[in-house]
Amino acid sequence: MGQCGITSSKTVLVFLNLIFWAAAGILCYVGAYVFITYDDYDHFFEDMYTLIPAVVIIAVGALLFIIGLIGCCATIRESYCGLASFVIILLLVFMTEVAVVVLGYIYRAKVEDEVNDSIKKVYDEYNGTNSNAQSRAIDYVQRQLQCCGIHNYSDWQYTRWFEESKNNSAPISCCKANIGSCTGSLTHPEDLYPEGCEALVVKKLKEIMMYVIWTALTFAAIQMLGMLCACVVLCRRSRDPAYELLITGGTYA
């Protein structure tokens, strides 16, 4: 019965180490996705510390690849030292992922305040040219999120660009995609996206942070199972002389 438990634990452990390799790639992908997406919205979000969970999760992904290699070798060879090291490293990574989850929730709660503080300044610096970073960011967000203005299209009336252009219109990026004749004129509001960008930017950034949180939680649960299986093998080996003799090829005196 004990030998069956050992075999099952070893089989699960080898399988989990293969999952760790896959997890390494997934975690790095999620971290890179967060970086790329935040780059599109960085003008609306001034606190770069929000990227800390993404940095940590990429580092954890790289470490998981090494952990998977150590775990496979230690499990196949049934190395006590290797399995002990595997459990300790896995515990450290587990604690790191818990920290990622905590940081994710902290920064997720700060997203709305950050966007509220910065979005009006970005809109005030819009000048409609592609050479202006703020203009590119606003046009990109309005097209991607299908929104117009901060709260709605009427917000454009209070921007410096609107006063200087004197054409009584919002940017073309406010135009609905299915209306080819749209010029952004505020006299035809039905041609413009009705929803403001502030709420949608906040929603998008919170969704991104939730991807990080759920990814960290999922792999933290898998790592707990890995630690449990490794501990079963370690405990069985240290407490059962017969099992020790079996794997070393020895005999009773």
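The values are calculated or read from the model by the stated rules, or taken from the named source; none is laboratory data. If you're wondering where the values come from, they're calculated on a predicted model, not measured in any experiment. Don't worry about glycine lacking a Cβ; one is built from the backbone with ideal geometry, like all the others, and counts go over all protein chains shown.
Residue-level check: of (1) in contact (Cβ under 8 Å) with a residue 24 or more places away in the chain; (2) among the hydroxyl-bearing types (Ser, Thr, Tyr); (3) out of contact with any Gly (no Cβ under 9 Å at 6 or more places or on another chain), Tyr193 misses just (3).
Sub-6 Å Cβ pairs linking a first residue in the range 39-62 that is on the phi < 0 side of the Ramachandran plot to a second residue that is of a type in the set (D, E, K, R) and modelled with pLDDT of 70 or more, at least 6 apart or interchain, are Phe45/Glu114; Asp47/Glu114, ordered by first then second residue. Checking Ala59, Ala74, Ala84 one by one, the residue that is among the aliphatic types (A, V, I, L, M), modelled with pLDDT of 80 or more and either surrounded by fewer than 16 Cβ atoms within 10 Å (Cβ to Cβ) or assigned to a helix (DSSP H, G or I) (or both) is Ala59 and no other.
For first residues located in the range 117-130 and at pLDDT 85 or above, partners that are assigned to a loop (DSSP other than H, G, I, E, B) and surrounded by fewer than 17 Cβ atoms within 10 Å (Cβ to Cβ) and lie 6+ apart or on another chain with Cβ distances below 8 Å form the pairs Glu125/Asn132; Tyr126/Asn132.
Here Ala54 fits the description: farther than 17 Å from Ile222 by Cβ and modelled with pLDDT of 75 or more. Exactly one residue out of Ser154, Ser118 is assigned to a helix (DSSP H, G or I), more than 27 Å from the chain's Cα centre (by Cα) and surrounded by fewer than 19 Cβ atoms within 10 Å (Cβ to Cβ): that is Ser154.
Evaluate the following for Ile106: is it modelled with pLDDT of 85 or more, out of contact with any strand residue (DSSP E or B) (no Cβ under 6 Å at 6 or more places or on another chain) and among the hydrophobic types (A, V, I, L, M, F, W, C)? Criteria not met by Ile106.
Among the residues of the range 190-205, those that are surrounded by 15 or more Cβ atoms within 10 Å (Cβ to Cβ) and either within 25 Å of the chain's Cα centre (by Cα) or not hydrophobic (A, V, I, L, M, F, W, C) (or both) comprise Asp191, Tyr193, Glu195, Gly196, Cys197, Glu198, Ala199, Leu200, Val201, Val202, Lys204, Leu205.
From the list Ile172, Ile213, the lone residue that is more than 30 Å from Ala24 (Cβ to Cβ), aliphatic (A, V, I, L, M) and under 36 Å from the mean Cα position of the chain (by Cα) is Ile172. Evaluate the following for Ala220: is it among the small types (Gly, Ala, Ser), modelled with pLDDT of 80 or more, surrounded by 13 or more Cβ atoms within 10 Å (Cβ to Cβ) and part of a helix (DSSP H, G or I)? When the stated conditions are applied, Ala220 passes them.
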